[in-house]
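The values are calculated or read from the model by the stated rules, or taken from the named source; none is laboratory data. All values derive from a computational prediction rather than experimental measurement. All Cβ positions, even for glycine, are placed from backbone atoms using ideal geometry, and neighbour counts span all protein chains on display.
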Amino acid sequence: MGITRNRAYRYFSLTVAGFSLAVSVLVIIGWMYNVKLLTHIRPHYISMKFNTAICIALLSLALLLRLIKALHKAERLSLILASIAFVIAVLSLAQYIFGFDAGIDRAFYASPETIAMPHPPGRITPITAVAIIIIAAGIACSNYRRYAAYIQYFLHFVTVITFVSILGFLLDIEQLHSHSFATSIAFHSAVLLFVMSLAVSVLHPDLGLVNLFTGNTLGSLMAKRLYTRIVLVMMVVVYLRILVSRYKLLNNELASVVSAIIVLFIILLLINQTSKLLNNIESGRKFAEERFQLVVESAPNALIMSDESGKIIMVNRQAKIMFGYTEEEFLGQKIEMLIPSKIRSHHPDIRKKYFNNPSARTFTTLHDIFAVRSDGTEFPVEIGLTPVSTDNGTLALSSITDVTERKRNERTIRKQVKELRIKNTEIERFTYIASHDLQEPLRTVTNYLELLQEDYPELMTDEITSHLETMRSAVGRMSILVRSLLDYGRLGQNKILVNTDCNVLLQNVIADLNSLIRTTGAVVVVNHLPVINCYQMELRQVFQNLINNAVKFRKKEVLPIITISCRERNKDMEFSVADNGIGIESKYFDRIFHMFQRLHKEGEYEGYGVGLANCNKIITLHGGKMWIESVPGEGSIFKFTIPFIKDEQ
Ligand code: ADP
């Protein structure tokens, strides 16, 4: 809002500077070619002096340069131009006061007939000179706020006297614009100096009386509305009053009383209207304030507002509960009272830094921030800071959350994760050692079975041979199971993340399974697959198992058709391997992913029930999920997701 307002003032000043420059140049031309309309406006008006036109042109240029700072050295040039105008005006004034002739009046313009005049056309009238001096000083000092603050009041003086002169011209009252020689001013000089005094004073909209009209407070709003309207009313009434007395419509006393009554009545109407507006704004503000209070009070976080010096100026209910202070104990105290003593002394610096560059910030638990209660106990907090701009400067609104509970939970979770990791490693080690050590006795049993057969051929009756065969096959089977367990435990131990084109990966898998596919007449359809970061060797094993199963569990008399596809879903890649095989009842959907779980009798289908358990583990290693959708007798779709995995360092 402030920015747009300032921009509006800038445009106003720019327009004034342009306008004044144009008019003053026209007056200069008027003098050079003796065009009375340009120099005098009306024949009986005082002319704008040549030097006045020069000075106004210089000041307009200086103002333009002051506003267009982008130009190289614009500011310095602006200062030089304003200073020249200043010097010309001071010299002109000095000539009046000390009664000498500095030659300045004819320095720029002189004609044979004017050369002998006591006040040639070049001489600036005293009141104009004073106005020029003030405006020149205003432009020259506009960058120095301290001086600008004083000059602002002089500029107001120029605004008022030129306004009175303009009124004099408009109402045709000579005394107002040329009461004496010293106070006479040309009409266009008065207009230009009037607008220029305004244009220079709005360079600092917050200084002097300008502030009264430019602020966005209720007071400014009222001043703006009332003052402009009252001025208008007064002007109309005064004009009517002049007409009445000029044409003798009423006697003077009656006219004065009537005009006073009219003014009073209109001002009453204006005040009534303005007070209604103010009341509306006030009730709107009150409503907003109440709502704000309600939101602040019911906020689940502690909310504390403090100013630049760290003084606490507002707290909500939760802040009182969290810190154990009453509102009276909070207000007026420094925010540092809520900071643990060991870092308290650093906080004012941090605060200063924040106010130098205030922005919304969050200080999370990553930094481990603590606050201190009224009883001296410390507790971890998370703080959000929001700057709030007000008429009294920037304030900081701190939103404080007590994260004691969260911290405790985080600690518990961290501890549990650590324990879980240790347990997992122990289990993996146990599985590995157990399966590794079991191989040894199994080998011994196999060896002894062979020894028995070789060393005691005479004892080998058909029955004994058959028993030994059963034993050997059982031991062989057990050996495979133990090895599977070993492989399962080892899965992922040497996993390497590789950027993989899954289309190529599938081509290799299909090539490996070539003989199985050919002998069964299976058709494998591979839709376009993505390139992903994955544990390539392991993922290859997944596809191998799934295609193998799809062929193995085919329907008799039906050629197996296997379709492999992929789609992106919730930022994951969802793969599917669909077949037209025997399908699975939904009650077994979970079971089949566990180790050694099979749904068929031995001999019916080959296998040990380890393939899907391996697949599941591999997908879990990727951080994905695996599941099945199936209708018995129609086929199954095995699905799994692979999330986006970042390259490992
Ligand atoms: P295996 O194939 O060695 O028996 P898996 O772990 O690969 O072991 O599969 C477990 C069980 O899930 C299988 O015994 C079978 O009953 C069922 N199964 C797996 N894939 C399919 C499929 N494509 N169609 C029907 N049933 C299947």
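Here 612, 621 are screened, and the one residue that is at pLDDT below 95 and either under 24 Å from residue 496 (Cα atoms) or near the ligand (Cβ under 9 Å from one of its atoms) (or both) is 621. Considering (1) surrounded by 15 or more Cβ atoms within 10 Å (Cβ to Cβ); (2) in a helix (DSSP H, G or I), the lone condition that residue 304 does not fulfil carries the number (2).
Selection of the range 427-480 for residues being among the hydrophobic types (A, V, I, L, M, F, W, C) and loosely packed, with under 11 Cβ neighbours inside 10 Å yields 451, 459. When 345, 359 are checked against the criterion of being of a type outside the set (Phe, Trp, Tyr), touching a helix residue (DSSP H, G or I) at 6+ places or on another chain (Cβ under 9 Å) and surrounded by fewer than 11 Cβ atoms within 10 Å (Cβ to Cβ), a single residue qualifies: 345. Under 25 Å from residue 519 (Cα atoms), buried (at least 16 other Cβ atoms within 10 Å of the Cβ) and over 55 Å from the mean Cα position of the chain (by Cα): does that describe residue 609? Against the criterion (under 25 Å from residue 519 (Cα atoms), buried (at least 16 other Cβ atoms within 10 Å of the Cβ) and over 55 Å from the mean Cα position of the chain (by Cα)), residue 609 qualifies. Beta carbons closer than 9 Å, at least 6 apart along the sequence or on distinct chains, pair a first residue in the range 598-615 that is in contact (Cβ under 8 Å) with a residue 24 or more places away in the chain with a second that is more than 6 Å from the ligand (Cβ to nearest atom) and of a type in the set (Asp, Glu) for 610/487; 614/487; 614/538. Residues in the range 504-522 that are among the small types (Gly, Ala, Ser), closer than 17 Å to residue 579 by Cα and surrounded by fewer than 13 Cβ atoms within 10 Å (Cβ to Cβ): 521 only. For residue 633, the test of being small (Gly, Ala, Ser), farther than 28 Å from residue 486 by Cβ, part of a loop (DSSP other than H, G, I, E, B) and within 9 Å of the ligand (Cβ to nearest atom) is failed.
Among residues of the range 385-412 that are closer than 17 Å to residue 370 by Cα, those with a beta-carbon under 6 Å from a residue that is small (Gly, Ala, Ser) at least six positions away or on a different chain give the pairs 385/396; 385/398; 399/384; 400/302. Scan the range 300-329 for residues that are over 14 Å from residue 383 (Cβ atoms) and touching a helix residue (DSSP H, G or I) at 6+ places or on another chain (Cβ under 7 Å) and the total you get is 10. Condition check for residue 500 on (1) farther than 30 Å from residue 442 by Cβ; (2) within 15 Å of the ligand (Cβ to nearest atom): one failure, at (2).
Pairing each residue of the range 286-305 that is within 24 Å of residue 339 (Cα to Cα) with any residue that is of a type in the set (Gly, Ala, Ser) and not in a loop (DSSP other than H, G, I, E, B), provided the two are 6+ apart or on different chains, yields C-beta distances under 6 Å for 301/399; 302/319; 303/399; 304/319; 304/398.
Results for (1) modelled with pLDDT under 85; (2) within 44 Å of the chain's Cα centre (by Cα); (3) over 19 Å from residue 215 (Cβ atoms); (4) part of a loop (DSSP other than H, G, I, E, B), shown as yes or no for each residue.
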position: 15; (1), (2), (3), (4): no, yes, yes, no
position: 18; (1), (2), (3), (4): no, yes, yes, no
position: 23; (1), (2), (3), (4): no, no, yes, no
position: 28; (1), (2), (3), (4): no, no, yes, no
position: 31; (1), (2), (3), (4): no, no, yes, no
position: 39; (1), (2), (3), (4): yes, no, yes, no
position: 43; (1), (2), (3), (4): yes, no, yes, yes
position: 46; (1), (2), (3), (4): yes, no, yes, yes
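Filtering the range 47-54 for residues that are aromatic (Phe, Trp, Tyr) and farther than 20 Å from residue 136 by Cα leaves an empty set. For residue 642, the test of being more than 15 Å from the ligand (Cβ to nearest atom) and either free of Cβ contacts under 8 Å to residues at least 12 places away in the same chain or within 47 Å of the chain's Cα centre (by Cα) (or both) is passed.
Here's a check for you: in the range 325-373, which residue that is assigned to a helix (DSSP H, G or I) and aromatic (Phe, Trp, Tyr) is nearest to residue 311 (Cα to Cα)? Looking at the filtered set, the residue picked out is 330. Note on the range 514-609: enclosed strands (runs of 3 or more DSSP E) holding 1 or more residues that are closer than 27 Å to residue 488 by Cα, within 16 Å of the ligand (Cβ to nearest atom) and at pLDDT 95 or above are 561-569, 572-578.
Here residue 492 clears all of (1) in contact (Cβ under 8 Å) with a residue 12 or more places away in the chain; (2) more than 29 Å from residue 594 (Cβ to Cβ); (3) under 46 Å from the mean Cα position of the chain (by Cα) except the condition numbered (2).
A search for C-beta distances below 9 Å between a residue of the range 619-639 that is free of Cβ contacts under 8 Å to residues at least 24 places away in the same chain and any residue that is within 12 Å of the ligand (Cβ to nearest atom) and in a loop (DSSP other than H, G, I, E, B), counting only pairs 6+ apart in sequence or on different chains, returns 629/589.
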